[in-house]
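Here's a structure for you.
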Amino acid sequence: MRVAIVGGGPGGLLLGTLLRRRQPDAEVVVLERNRATDAFGFGVVFSNATLGEIDAADPVLRNALLTHGQHWDAIEVRVHGQRRRCGGNGMAAIVRSTLLRLLQEQARDEGVELRFETEVGGPEELADFDLVVAADGANSRLREARRDVFDPHWDTASAKFIWLGTTYPYDGLTFVHQDGPHGVFAAHAYPITDGLSTFIVETDEDSWRRAGLDRFDVTQPPGPSDEVTRRYLEELFAEQLDGHRLIGNNSRWGNFRTLRTGRWSDGRLVLLGDAAHTAHFSVGSGTKMAMEDAIVLARTLGDHAGDVPAALAAYEAERRPRVEHVQGAAGPSLSWWEHFGRYHRALDATQFTFHFLSRSITRERLRRRDPEFVAEVDHWWRERHGAPPLETPLETPAGTVPRRRGRLDAAGGRICVADRVLPLVALDGDANAPPDAARHLRLPDEVADRRALEEWLRTDLRGCPLLVVDGGDPLTRTLVSEWARMEAGVPTALVTDVDDDAAETLVLSGRADLVLGAGGAA
């Protein structure tokens with residue numbers, strides 16, 4: 001079999017190595033448009049908990065991390081001049097160029113032919129290969145040449161980001177939130193060598209424009225606008241950088257785009273890694289998913305020797321559900337970064353940190369990772385309220401609600417919390433409703449314009465004693481609840497059928513004041 005792998009990133013190089021090991025008589029060629037020594041970005045980070053499958057297939061990544069990597073256990077959040085740490089989050093990072101060099105050496109040792117500075121415009125140029133693997137990244141030329149087959153769809157985030165480096169020696173994954181003259185900016189920072197850390201900066205578009213960073217020219221090589229951005233961010237984060245510099249490496253402002261594709265192969269051309277799917281970098285998954293794709297594709301090609309279409313179908317059937325799971329988990333994380341300015345304004349350091357860390361996991365899972373951190377959060381709540389979150393009475397303009405769990409009786413026009421019953425009316429319903437009536441907002445299945453919804457709510461929420469947020473998808477429902485209580489100052493009840501752990505997480509994090517089940521006992 002003759003295999004052409006277009007793209008010399010970690011996924012493509014690992015695939016070449018594994019193919020040659022399983023099928024020593026196969027001819028495997030990796031074609032990469034850049035030079036062997038080119039590496040854009042700075043470091044790649046991996047969670048210890050997610051490396052098992054890669055390590056079982058090939059120890060090269062484990063050995064690279066042991067020999068050249070930086071390791072840590074805690075996540076640190078810096079906000080409002082304070083620092084909070086949560087342990088039990090074992091991770092490691094390595095310089096991208098180092099990882100590529102080691103993967104290149106291993107691929108050559110296995111007999112893979114590496115061709116650098118080689119452009120491939122389309123699959124027709126590789127007609128003499130039995131299989132063509134598009135491992136050429138999110139902007140894949142090969143995928144775009146077969147758009148009608150692969151059916152790519154993009155969801156573009158509203159937040160702006162830029163990938164930089166710094167000589168400041170961070171000792172682990174650190175999230176820095178900085179309020180400046182034009183808005184809130186945040187950085188994801190982590191060490192990749194003793195003298196270099198990755199420093200990814202995000203902000204909302206309005207802050208980005210107010211800071212004058214919209215004049216950044218992404219169509220040109222590095223130039224004056226790059227220096228404007230670097231100097232602005234270096235000054236903004238000066239205290240956090242302690243006199244150290246920011247470093248660019250073809251660093252570009254952009255909006256993260258989540259890619260989903262309708263199909264991954266056409267029987268001879270197959271997508272791998274970012275060419276097929278992307279997930280927000282805050283879940284640290286791009287390189288890992290590409291390498292996991294490579295492991296499964298190499299195996300299915302070996303299991304279906306001589307039947308390439310069957311092998312590609314088996315590869316997609318196994319990998320697609322797992323990729324979609326990661327993308328689903330990445331959704332709330334990406335959304336958090338689109339709205340972190342709101343949380344920065346509304347929450348103090350302890351609740352902000354818990355809100356951030358619980359964006360995709362619950363209080364109990366965090367407690368298992370770091371009991372001391374969660375005990376600190378619990379103590380913070382009890383100091384302010386005198387009771388555990390779900391047992392804390394809620395004071396509203398409609399009176400006191402005795403606890404933070406209840407049920408929605410929409411048919412009966414009421415909500416029930418312990419022995420307290422509140423009447424319920426539609427938010428846009430009777431203007432003469434009783435003053436203690438909760439207002440029921442039933443979201444549509446899809447909200448096309450969340451900002452327009454918020455502007456409509458801003459007017460309709462006047463005099464609302466308690467907003468019951470129902471319907472829609474879980475993420476939108478939670479975001480609307482957060483907006484109402486943090487921006488409009490209206491207490492909210494979130495309708496969702498979850499267990500006590502998830503309900504406590506929602507209340508403790510400030511995502512809702514009250515959690516209602518759709519039926520059954522309160």
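The values are calculated or read from the model by the stated rules, or taken from the named source; none is laboratory data. The structure presented is a predicted model; accordingly, all values stated were derived computationally and were not measured. FYI the Cβ positions are ideal-geometry reconstructions off the backbone, even for glycines, and counts take in every protein chain you see. What goes into the accessible areas is simple: the full protein's heavy atoms, side chains included, and nothing from ligands, DNA or RNA. Shrake-Rupley method; radii C 1.70, N 1.55, O 1.52, S 1.80 Å.
State to the nearest 20 debye the size of the charge dipole of the chain about its Cα centre, where the only charges are +1 on K and R beta carbons and -1 on D and E beta carbons.
On the way: 61 positive and 79 negative charges, 132 e Å.
Roughly 640 debye for the chain.
Work through the residues other than PHE116 whose Cβ is under 15 Å from its Cβ and net out their charges, Lys, Arg +1 and Asp, Glu -1.
On the way: positive: ARG33, ARG35, ARG101, ARG108, ARG115; negative: GLU32, ASP38, GLU105, GLU113, GLU117, GLU119, ASP136.
For residues surrounding PHE116, the net value is -2.
Considering only protein heavy atoms, what per residue accessible area in square angstrom results for the range 266-392 with a 1.4 angstrom probe?
Numbers: 4590 Å² over 127 residues.
Result: 36 Å² per residue.
Quick check on the range 163-255: take the gyration tensor over C-alpha atoms, sort the square-rooted eigenvalues as a ≥ b ≥ c, and tell me if it's rounded (a/c under 1.5), prolate or oblate.
Details: a/c = 1.87, a/b = 1.32, b/c = 1.42.
Oblate, because a/c is 1.5 or more while a/b does not exceed b/c.
Which whole-number percent gives the relative contact order of the range 217-274, counting Cα pairs below 8 Å spaced six or more residues apart? Spell out each step's value before the answer.
Details: 20 pairs, mean separation 15.5, N = 58.
That works out to 27 percent.
Once the principal axes of the Cα atoms of the range 1-150 are found, what is the range along each, listed largest first in whole angstroms?
That gives 60, 34, 28 Å along the principal axes, largest extent first.
Right, another one. Using a Debye calculation, one point per C-alpha and no hydration shell, please list log10 I(q)/I(0) for the range 440-520 at q = 0.22, 0.24 Å⁻¹ in order.
At q = 0.22, 0.24 Å⁻¹ the computed log10 ratios are -1.02, -1.19.
With Cβ to Cβ distances under 13 Å as the rule, what net charge do the other residues near GLU487 carry (K, R +1; D, E -1)? The partial results should precede the final answer.
Numbers: positive: ARG342, ARG345, ARG450, ARG451, ARG458, ARG485; negative: GLU454, GLU455, GLU482.
Summing Lys and Arg as +1 and Asp and Glu as -1 gives +3.
Over the range 31-150, average the accessible area per residue using a 1.4 Å probe and give it in Å², no decimals.
On the way: 5550 Å² over 120 residues.
Here the residues of the range 31-150 average 46 Å² of exposed surface.
Convert each backbone phi in the range 157-174 into a coupling constant with the Karplus relation 6.51 cos²θ - 1.76 cosθ + 1.60 (shift: θ = phi - 60°), then list the ³J(HN,Hα) values in order as whole Hz, x for Gly and Pro.
Listing the rounded values in order: 6, 7, 6, 9, 9, 8, 9, 10, x, 8, 7, 5, x, 5, 9, x, 5, 10 Hz.
When the Karplus curve 6.51 cos²θ - 1.76 cosθ + 1.60 is applied with θ = phi - 60°, which whole-Hz ³J(HN,Hα) does each residue of the range 420-428 get, with x for Gly and Pro?
9, 10, 10, x, 10, 10, 5, 4, 9
Report, in cubic angstrom per residue, the convex hull volume of the C-alpha atoms of the range 18-68.
Values: hull volume 6.1 nm³, N = 51.
Looking at the range 18-68, the number lands at 120 Å³ per residue.
If you take every DSSP beta bridge whose two residues both sit in the chain, what share of them, in percent to the nearest 5, is antiparallel? Numbers along the way, then the final one.
Details: 55 of 91 bridges.
Of those bridges, close to 60 percent are antiparallel.
Compute the semi-axes of the equivalent ellipsoid of the chain, taking the square root of 5 times each eigenvalue of the Cα gyration tensor, and list them largest first in whole Å. Provide the component values of the computation, followed by the final result.
Details: eigenvalues 409, 142, 96 Å².
In descending order the semi-axes read 45, 27, 22 Å.
Now for a separate question. Keeping all protein chains in place and using 1.4 angstrom, which order do ARG2, ARG451 fall into by accessible surface area, from largest down?
Values: ARG2 70, ARG451 165 Å².
Ranked list, largest accessible area first: ARG451, ARG2.
Next up: Please list 3J(HN,Hα) in residue order for the range 487-496, calculated via the Karplus relation 6.51 cos²θ - 1.76 cosθ + 1.60 where θ = phi - 60°; whole Hz, with x for glycine and proline.
Per residue, the Karplus-derived 3J(HN,Hα) values read 9, 9, x, 9, x, 10, 10, 9, 8, 6 Hz.
If we count every other residue with Cβ under 12 angstrom of ARG33's Cβ, Lys/Arg +1 and Asp/Glu -1, where does the sum land? It would help to have the intermediate numbers written out before the result.
Numbers: positive: ARG35, ARG115, ARG141; negative: GLU32, ASP38, GLU117, GLU119, ASP136.
Taking every Cβ under 12 Å from that of ARG33, the sum is -2.
Regarding the range 255-351, what is the average projected area of its C-alpha convex hull, in nm²?
Details: hull surface 29.0 nm².
Value for the range 255-351: 7.2 nm².
Relative contact order of the chain, please, whole-number percent, based on alpha carbon pairs below 8 angstrom and at least 6 residues apart. Please list the in-between numbers first.
Values: 1035 pairs, mean separation 69.3, N = 522.
In percent, rounded to a whole number, it is 13.
Moving on. Give the carbon-plus-sulfur fraction of the accessible surface of the range 1-86 in %, rounded to a whole number; probe 1.4 Å, heavy atoms of protein chains only.
Details: 1720 of 3570 Å².
Carbon-and-sulfur percentage of accessible area, whole number: 48.
Ignoring ligands, DNA and RNA, please state the percent of accessible area on the range 420-516 from carbon and sulfur, probe 1.4 Å.
Working: 1880 of 4150 Å².
Percent of accessible area from carbon and sulfur atoms in the range 420-516: 45.
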